[in-house]
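Asker: If you scroll down you'll find the structure; I have some questions about it.
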Amino acid sequence: MTDKAPSLPAAGAPRGPGGSSGADGPEDSHAPARLWVVVLAACAGQFLVVLDVSVVNVALPSMRTALGMDAAGLQWVLNGYTLTFAGLMLLGGRAADIFGRKRTFLTGLALFTAASLFGGLAQEPWQLLAARALQGTGAAVLAPATLTILTTATPPGRARTRAIATWSAVGAGGGAAGGLVGGVLTDALSWRWVLLINVPVGALVLLAAAVWVTERRDATAGRRLDLPGALLVTLGLSTLAWAIVRTEAAGWAAPSVLWPLAAGLAMLGAFVAVEARARAPLVPLRLLRNRAVSASNGAMFIFGGALFCMWYFVSLYMQNVLHYTPLQAGLGFIPQSLSIVIGSKGAPWLMARLGARTVALCGVAVAAAGCLWQSGMHAGGGFLETVTGPGVLMALGSGVAGTPLASVAMSGVPHSEAGLVSGLFNTARTMGGSLGLAVLSTVAAARIGDGDSPETLAAGYGLAFRSAALVLVVCAALILFVLPRPAREVPPAPALHEDG
């Protein structure tokens, strides 16, 4: 989410609370040392938020052994974070505008850091899962404020461009480094340090932000927060995910599954009703009447649902089936991480030559081919043919498809709503990944049953990837038949002729 380029406050302009002028002007551009401390604080906050989506993947087998967790509990180590993060992220962005970016940043970072300490010291599975949900809540409050602090702290022009480039690179680096950082910490210390490492870093960033960041608030923002909408969509999706996970043990017809399914759907229906009547809705429903916005978000929801599981299942496969150490598993993810970066960087070049919709379709096809290849994993697999080869294809497809889908979503909205649509797109991707993980984990668990041999585990993980490939076929159909071409690609309409 990006802000419109702010203007410098006039000399002698009155200052608001906390040294703010009340407008979104940059801070003193004549203090470069202070400015870059602010930039580094914002980037460090973003790094922690993105890192914690993936850093736990390699530590999952160690968590299971130490806390006696079952397979369903393991996936909630991920989903507890991602569902609360995605469900409350738009609310966090609105809170930053209303209550001030510094205050929101400090509140989110303090909650994130405290939750990391709680999770790192957990002695029971429920304590770890509660900590991950609190981490996700803190991340949802923290993340939207990082970019707005950065853009309002730097003057327009080269300094702001460099700052945003640094922020983007740090965010990408956090996602790419998650597997390696998790493997190193788990192997050298223990799984607890994938969470505890956030505590000293978070405390240092808190201190720097409290001293150096100047409070900023959007003076034109209203004072309304759509808290009911945020809670309904987060609880609704979480309840649906929990019900799906329950089907593995109880079956689809059991009351313990049907009731939460009905409750989750009812909460999502209530969310739509609330958004239709709210004065300041979290998701203005009028945006979804825009075909470019709704189709691209739907495609990204499905795409995320199919591919988010890649890191989860491949990590389990490397450690439970191939018997890699956590460090080896972390190193094993480096080719995939590089492939995502390459795909993301190459997508704009391809879009200029082939068009956004064609590139998105190609990315989905490459990812589906990787899923099919990965589904052939077996107990005697080697690193190149059952980890690196298919992993690189899936990651490359993910990097290639994401940029054109985002481009189509943004092409149909005015500049004033670009930030909202960007936040909606990221939310769709993360929520799709969470629900997809719940579904595909249930598919794998149904195939594995009570078995724990490497052959049985590999067969279960492989079935999950075959199912993911089918989901990507649905995504490709949506892109092909529903996703509109961006305006510059739409061919001219045929001329109309009047009869008589």
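The values are calculated or read from the model by the stated rules, or taken from the named source; none is laboratory data. Note that the structure is predicted; figures quoted are calculated from it, not measured. Ideal geometry is used to build each Cβ from the backbone, glycine not excepted, and the neighbour counts take in all protein chains shown. To get the accessible areas, we keep the full protein, side chains included, count just its heavy atoms, and leave off ligands, DNA and RNA. Shrake-Rupley method; radii C 1.70, N 1.55, O 1.52, S 1.80 Å.
Asker: Between Q328 and A263, what is the label-point separation in nm under the 7 Å Cα-to-beta-carbon projection?
Answerer: Calculated label separation equals 4.3 nm.
Asker: Could you work out the equivalent-ellipsoid semi-axes for the range 333-476, taking the square root of 5 times each eigenvalue of the Cα gyration tensor, largest first, in whole Å?
Answerer: Taking √(5λ) for each eigenvalue gives 31, 18, 11 Å, largest first.
Asker: If you don't mind, another one. State in Å² the accessible area per residue of the range 111-152; use a 1.4 Å probe, count heavy atoms of protein chains only, and round to the nearest integer. Could you put the intermediate results ahead of the total?
Answerer: Details: 1180 Å² over 42 residues.
For the range 111-152, the per-residue accessible area is 28 Å².
Asker: Also, quick follow-up: Does the range 44-132 come out rounded, prolate or oblate by the C-alpha gyration tensor, with a ≥ b ≥ c the root eigenvalues, rounded set by a/c under 1.5 and, if not, prolate when a/b is larger than b/c and oblate if not?
Answerer: prolate
Asker: Moving to a separate point now. Where Lys and Arg each count +1 and Asp and Glu each count -1, what net charge lies around L282 among other residues with Cβ under 11 Å from its Cβ?
Answerer: On the way: positive: R94, R224; negative: D226, E275.
Taking every other residue near L282 into account, the sum is 0.
Asker: Something else about it: Based on the alpha-carbon gyration tensor of the range 224-347 and its eigenvalue square roots a ≥ b ≥ c, which shape applies: rounded if a/c is under 1.5, prolate if not and a/b is larger than b/c, or oblate?
Answerer: It is oblate, given that a/c is not under 1.5 and a/b is not larger than b/c.
Asker: Order 291-303, 258-270 from most to least packed using the mean count of other Cβ atoms within 10 Å.
Answerer: For the peptides 291-303, 258-270, the packing ranking is 291-303, 258-270.
Asker: Kirkwood Rh over alpha-carbon pairs of the range 350-394, then Stokes-Einstein at 25 °C and 0.890 mPa s: what D in µm² s⁻¹, rounded to an integer? Before the final figure, lay out each step's value.
Answerer: Numbers: Rh = 11.4 Å.
Stokes-Einstein gives a translational diffusion coefficient of 215 µm²/s.
Asker: A further question on this structure: Working from the alpha-carbon coordinates of the range 319-394, get Rg over Rh, Rh being the Kirkwood radius.
Answerer: Using only Cα positions, Rg/Rh for the range 319-394 is 1.07.
Asker: Let me ask something else about it. In what sequence, highest mean first, do 66-79, 325-338 appear when ranked by Cβ atoms within 10 angstrom?
Answerer: 325-338, 66-79
Asker: Ranked highest first by the average count of other Cβ atoms within 10 Å around their residues, in what order do 277-287, 368-378, 124-134 fall? Don't skip to the end; give the middle numbers.
Answerer: Working: 277-287: 15.2, 368-378: 20.8, 124-134: 19.2.
By packing density, highest mean first, the sequence is 368-378, 124-134, 277-287.
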